[in-house]
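Contents: one structure, followed by commentary.
The values are calculated or read from the model by the stated rules, or taken from the named source; none is laboratory data. Source: prediction; values computed, not measured. We place every Cβ from the backbone using ideal geometry, glycine too, and count neighbours over all the protein chains shown.
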Amino acid sequence: MKEITHTQVWTACLEKLRKQVSQEDFLTWIKPIKAVKLKDSTLIVQVPSDYFRDHIEENFIDIIIPELRLLLGPKAKLLYGVMVTREQKVTIPSNTTSVHKQEIPVKMRGEMKMPFNPWAVPGIQEKIQIDSNLNPIYSFENFVEGECNRLARAAGLSIADNPGKNAFNPLFIYGGPGLGKTHLAQAIGLAVKERYPEKIVLYVNAHTFQTQYMEYAGVNNQLTDFLHFYQMVDLLILDDVQEFASKAGTQKAFFHIFNFLHQNGKQLVLTSDCAPVDLQGLEQRLLSRFKWGLSVELTKPSFSTRVDILKLKSANDGIVLSEEILEYLAENIRGNVREIEGTLYSLLAHATFNKEKITLQLAKRIIDNIVPAERLELTVEAIEKKVAEYFGVEVELIHSKTRKREVAQARQVIMYLCRVLTKLSLSTIGASIGGRDHATVLHSCNAVSDLMETDKRFKQNVNELLRMLNQE
């Protein structure tokens, strides 16, 4: 029987993948992958760059691996060869050679086994060696500080200096998807490993923890070994703790692990998509412990922070972008960090594969395909109407010179939302709201931001308006 070749394997994969992703994703991210070699159950492929490899790992590996396993068996693996050529119209750092190859085994998600456990293997006395599961890309050096994350980052640095012996235990980081929770949590772990190499640091997401608990406590009846393993850790980073909802057994196990680590001066860092007070389906005794340390929210980055993120990410990938392009991208991509990165990578991919120069015109084409038309069409009038209805004031009063508290506050919120949700300049916003000048608009935006920091109810009102306007 004739052996299957690497080309045949990848061609068969492509046919299946084409049906599972959007056409744009397929053409941008899947089709450029080239199969170069098949060795046993390992397929070696070539991708254009490091960032391309990371994007595949982050977004598509969960659908690629199952298809490979169908063709090559349950032990199928994927290795990458990263190729960057001088023919691409992208500026690369001077210390980068024309050809750089790197092979990284894919982590088989959902199959993570418990690291070696000395309680399960008698006679082994030396200190256990555990893979921390940390991604070196998620360092503090690659984490852009802004008003959206300043407190959380400062707390993280404090923990890195003195893990387990600070006021931030546990550190509970919460916020929407793509705002940097995992990045910050892993940055803490990397910093601790660098400063305290002898400490055991472990990053695990809640889904993996749950899978391990089911395997060791249920199937193998080894709950004691499971608990002992996690109690050895000096810094435990648990991602997406909200996934413990309604899982009573897992919550009970984590409750005992939490207590042991906290009482013994070990550090815990937890992440969630919402604040402890808003978590549903978790035991009250566990929620109360989440509040023992510091709960800190990550919010969407401001314009200046988005510019800084774009500068850092483009520099890391060896891309030179003009200030005009950076500011245009920052003005139009107002979502989370992941969306900012995705837009930048799409821009680079189009320039690389189509051999185009990165220009403002190309950036505008990319933005038109990514940013929802509804967001671009949001007007000052629409924002005024929604805010006026929400606060129960007349639109005419918004435009007047009255300084009544309820009207003045509604007016300031409108200016703030116009700044956040539109591309209009401060002067244009002011002119549209009763002929105010740009200084008044800037003062109003700052006033709203400051009040959101200190008034929880006011912050909830503004965030609710943001959600309502983004859905229109």
> Has segment 248-256 got any residue that is buried (at least 19 other Cβ atoms within 10 Å of the Cβ) and under 20 Å from Pro163 (Cα atoms)?
Replying inline: yes
> Tally time: how many residues in segment 183-227 are of a type in the set (D, E, K, R) and either outside any helix (DSSP H, G or I) or not assigned by TED's automatic domain parsing to the domain that holds Ile237 (or both)?
Replying inline: 2
> Looking at segment 49-72, which of its residues are within 21 Å of Phe353 (Cα to Cα) and either assigned to a helix (DSSP H, G or I) or modelled with pLDDT of 90 or more (or both)?
Replying inline: Asp50, Tyr51, Phe52, Arg53, Asp54, His55, Ile56, Glu57, Glu58, Asn59
> Could you list, in sequence order, the residues of segment 133-171 that are aliphatic (A, V, I, L, M) and at pLDDT below 90?
Replying inline: Ala167
> Just for helices (runs of 4 or more DSSP H) wholly inside segment 296-384: which have at least 2 residues that are buried (at least 18 other Cβ atoms within 10 Å of the Cβ)?
Replying inline: 303-316, 323-332, 337-353, 360-370
> Within segment 155-182, how many residues are in contact with a Lys or Arg (Cβ under 8 Å, 6 or more places away or on another chain) and not in a loop (DSSP other than H, G, I, E, B)?
Replying inline: 5
> What number goes with the only condition from (1) more than 23 Å from Asn463 (Cβ to Cβ); (2) within 16 Å of the chain's Cα centre (by Cα); (3) among the basic types (Lys, Arg) that Arg289 does not pass?
Replying inline: (2)
> What's the number of the condition Ala187 fails, among (1) under 30 Å from Ala248 (Cβ atoms); (2) within 23 Å of the chain's Cα centre (by Cα)?
Replying inline: (1)
> Across segment 190-237, what is the total count of residues that are within 28 Å of the chain's Cα centre (by Cα), aliphatic (A, V, I, L, M) and surrounded by fewer than 16 Cβ atoms within 10 Å (Cβ to Cβ)?
Replying inline: 1
>> Please verify whether Arg365 is within 13 Å of Asn332 (Cα to Cα) and either at pLDDT 90 or above or assigned by TED's automatic domain parsing to the domain that holds Leu326 (or both), treating the condition exactly as stated.
In response: yes
>> Cβ contacts < 9 Å: first residue farther than 23 Å from Gln280 by Cα, restricted to segment 243-267; second residue modelled with pLDDT under 90 and of a type in the set (Lys, Arg), any location; separation 6+ or different chain. Result?
In response: Gly265/Lys165; Gln267/Lys165
> Which of the residues belonging to segment 429-472 are touching a Cys at 6+ places or on another chain (Cβ under 9 Å) and β-branched (Val, Ile, Thr)?
Replying inline: Ile429, Ile433, Val441
> Got at least one residue in segment 398-421 being without any contact (Cβ under 8 Å) to a residue 24 or more places away in the chain, closer than 22 Å to Glu324 by Cβ and outside any helix (DSSP H, G or I)?
Replying inline: no
